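Quick one: the structure is below, and I'll ask about it shortly.
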Amino acid sequence: MCGIVGYIGAQQAAPLILEGLTRLEHRGYDSVGLAVVGAGREPAVKVVKAAGRVRDLGSDLPKRFSGRSGIGHTRWATHGPANDVNAHPHTDEKGDVAVVHNGIIDNAAALRAGLADDGVTLTSDTDTEVLAHLIGRSVAETLEERVVEALAAVEGTYGIAVVHADFPDRIVVARNGSPLIIGVGEKEMLVASDLAALVRHTTTVAHLADGEIATLTPAGFTTFRHDLTRVARTAAEVDVDPTSYDAGDHESFMRKEMLEQPAAAERVLRGRLDERFGTAHLGGLEMDPRETRAVRRVKVLGCGSAYYVGQMGASLIEELARIPADAEAASEFRYRNPVIEPDTLYVAVSQSGETVDTLLAVQEIQRKGGRVIGLVNVVGSAIARECGAGIYLHAGPEVAVASTKALTNMFLGFSLLALQLGRVRDLSVADGRRLIAGLQALPAAVEEVLAQEDALAAVAQRLAEAESLFFVGRVRGFPVAREGAQKFKEISYRHAEAYQTSELKHGPLALISEEVPTVAVVPDDELTERNVAALHEIAARKGPLVVVTHPGVDLGGLDVVRIDVPHLERELDPILLTIPLQLLAYHAAKHLGHDIDKPRNLAKSVTVE
Ligand code: F6R
């Protein structure tokens, strides 16, 4: 959430920062700004900022902002509305210091009051501005000391980058809970909150750890603790294809990422399936068979769509391994003082690996002595590092705010975990092999669903006309409905409500009418008959129906729009049933003319509580 970029070196900073900000815009896009340290005998910090997008800063900006070091920010508002004043960077009263900040300062109100009592005029509503004043008022000798002194007063989370007119040879950065990555170039250094802003320039990077600060100069970087003792941190090469952060010829990142699903699915399965023993090999779990057998319960924690896929995963584990398993919203978990059991395996699931609610749940479990593994896409991210063990998802960079390919790979990650847990228990080798065959066939089956895009686009256009929709499913189909409704509301801004099909008659049926369509998930399974009976009840109230189902399912002659997806193994149904719902949401949003990759009020990677 929010993006930070900084540059110091021989090139002009402004164009590089603007380019980096464009690559980070999915992290927050309500306002944007940058500060450049001008050259000359009396270097000054020049700031420009505005509500809106990077492109709104104007194409003539680099000409007006010459200087070889600077910092930039793209914002997702937490304190105060998205306007020009609240945009980052924030400065002190003299305008010598500029600060960009990701995260939340919890004691900002008290600090603001203290500064106001001291006669400081605060101009914005933000928490970040206090940092600029605190640094600006410090009389310590070095910029590093001033930053550390200011941070000592602050409670909360931050990733910050600071420039100062009196210290034009450096950028000082600090991290506590919000990621910062240092990029090492040829006589130039970069910093960013996300690899996406760096990889065009360098793939030699160092991740700053929580509690560390760093000084960047054109010659290199030095890392410190808050007592300013040195920390040895060396940069390493990351294996990443810079073009994977580009949309290429695709009209949006979301479409690109949906179409990448078959290839991404192959990657997460590669080298992890053992056909001989009908099981999975997950070295990253760091659990031997005895420990795997000792697991008595599985609890999955994730947020938003990751939570819904977590529900799919928990059902899969319960079904295959016969271990009680459930999923819970990580954002709620630690607030109910959860009982942490020694023989429960906790699984934190996250694309970004930075979602703070999930990270805090992980820390709560660990603090109470529980064992938690991560199902994470971004290698080296906070959740991955905190868990230490787990399954990387190998979906590749996901840029669109609406998650697609990472979710599919989460489901596959859960399938692998369920296989491994199942095969040290009662899952037979034959069933293990049956599932492996299903998993191997899955990428091609996803391709088949994606090939129905034109037909799905036509259905989506009709659904887009409705102000309100239901998405319904039962048992395995319910998390599918939840994810379908989530995608639809997230990018089309239509009210989409997910319900258990079985619960409709207990209340929501009252809302069904000609104007309120229902998208029903009806797999070919032991519940098909009950599901079809519910469809009749909806049809009897004139509710239009779109049914996502399997070939051969008899819908009892109902007048519905039917979408068939391939049927592999029933345990794997949920993910294939989800793919058409992604396309429905996408084409509804497209039809309505929305900015699909940057839906209103949202941002990728929620690093605030
Ligand atoms: C919805 C979506 C969000 C994320 C959620 C968790 O399309 O993308 O609901 O799933 O914010 O994010 P991660 O997986 O990064 O922890």
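The values are calculated or read from the model by the stated rules, or taken from the named source; none is laboratory data. Fair warning: this is a prediction, and the values are worked out from it, not measured in the lab. Cβ coordinates were reconstructed from backbone atoms using ideal geometry, including for glycine residues, and neighbour counts include every protein chain displayed. Ligands, DNA and RNA are stripped out before the accessible areas are found, and what is left, the full protein with its side chains, is counted by its heavy atoms. Shrake-Rupley method; radii C 1.70, N 1.55, O 1.52, S 1.80 Å.
Give T157, T223 a once-over and let me know the one that is over 29 Å from T243 (Cα atoms) and open to solvent by less than 20 Å² (accessible area, probe 1.4 Å).
Criteria check complete, one pass: T223.
Would you mind stating whether I160 is out of contact with any helix residue (DSSP H, G or I) (no Cβ under 8 Å at 6 or more places or on another chain) and part of a strand (DSSP E or B)?
The answer is no for I160.
Residue-wise test of (1) open to solvent by 20 Å² or more (accessible area, probe 1.4 Å); (2) more than 8 Å from the ligand (Cβ to nearest atom); (3) among the polar types (S, T, N, Q); (4) farther than 27 Å from Y335 by Cβ.
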site	(1), (2), (3), (4)
K368	yes, yes, no, no
I373	no, yes, no, no
V376	no, yes, no, no
A384	no, yes, no, no
H394	yes, yes, no, yes
E398	no, yes, no, yes
S403	no, no, yes, no
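Next up: Tell me, please, whether a residue that is in contact with a Phe, Trp or Tyr (Cβ under 8 Å, 6 or more places away or on another chain), part of a strand (DSSP E or B), under 27 Å from G28 (Cα atoms) and open to solvent by less than 60 Å² (accessible area, probe 1.4 Å) can be found in the range 227-247.
Within the range 227-247, not a single residue is in contact with a Phe, Trp or Tyr (Cβ under 8 Å, 6 or more places away or on another chain), part of a strand (DSSP E or B), under 27 Å from G28 (Cα atoms) and open to solvent by less than 60 Å² (accessible area, probe 1.4 Å).
Keeping to the range 513-544, report how many residues are buried (at least 21 other Cβ atoms within 10 Å of the Cβ) and either of a type in the set (A, V, I, L, M, F, W, C) or more than 34 Å from the chain's Cα centre (by Cα) (or both).
Result for the range 513-544: 8.
For the range 121-163, give me each residue that is touching a residue at least 60 places away in the same chain (Cβ under 8 Å), out of contact with any Phe, Trp or Tyr (no Cβ under 9 Å at 6 or more places or on another chain) and not β-branched (V, I, T).
If the condition is that a residue be touching a residue at least 60 places away in the same chain (Cβ under 8 Å), out of contact with any Phe, Trp or Tyr (no Cβ under 9 Å at 6 or more places or on another chain) and not β-branched (V, I, T), then E145, A152, G159, A161 are the ones that fit.
Would you say R41 is among the basic types (K, R) and closer than 24 Å to I596 by Cβ?
no
Sticking with this one: Could you list all residues from the range 320-356 that are assigned to a helix (DSSP H, G or I) and within 10 Å of the ligand (Cβ to nearest atom)?
Selection gives A330, S331, V356.
If you don't mind, another one. Name the pairs: first residue in the range 480-508 and in contact (Cβ under 8 Å) with a residue 40 or more places away in the chain, second residue of a type in the set (G, A, S) and in a loop (DSSP other than H, G, I, E, B), Cβ to Cβ under 7 Å, at least 6 apart or on different chains?
Filtered contacts from the range 480-508: K487/A402; E490/A402; I491/A402; R494/A466.
Determine which member of the set A77, A14, A110 is open to solvent by 20 Å² or more (accessible area, probe 1.4 Å) and modelled with pLDDT of 90 or more.
Result: A110 is the single residue among A77, A14, A110 that is open to solvent by 20 Å² or more (accessible area, probe 1.4 Å) and modelled with pLDDT of 90 or more.
Restricting to the range 248-292, what's the tally of residues that are open to solvent by less than 20 Å² (accessible area, probe 1.4 Å), in a loop (DSSP other than H, G, I, E, B) and within 30 Å of T22 (Cβ to Cβ)?
Looking only at that region, the number is 1.
Another question about this same structure. Give just the number: which of (1) open to solvent by 20 Å² or more (accessible area, probe 1.4 Å); (2) part of a helix (DSSP H, G or I); (3) in contact with a helix residue (DSSP H, G or I) (Cβ under 8 Å, 6 or more places away or on another chain) does L115 not satisfy?
Unmet for L115, out of (1) open to solvent by 20 Å² or more (accessible area, probe 1.4 Å); (2) part of a helix (DSSP H, G or I); (3) in contact with a helix residue (DSSP H, G or I) (Cβ under 8 Å, 6 or more places away or on another chain): (1).
Within the bounds of the range 37-45, is there any residue that is of a type in the set (G, A, S), at pLDDT below 95 and open to solvent by less than 20 Å² (accessible area, probe 1.4 Å)?
Yes, the range 37-45 has at least one match.
Here's another thing I want to ask about it. If you take just the strands (runs of 3 or more DSSP E) that sit entirely in the range 1-78, which of them hold at least 3 residues that are under 21 Å from G220 (Cβ atoms)?
Because the criterion is at least 3 residues that are under 21 Å from G220 (Cβ atoms), the strands (runs of 3 or more DSSP E) in the range 1-78 that meet it are 3-8, 69-75.
Against the conditions (1) over 26 Å from the mean Cα position of the chain (by Cα); (2) within 22 Å of Q311 (Cα to Cα), where does Y499 fall short? Just the number, please.
Failed condition: (1).
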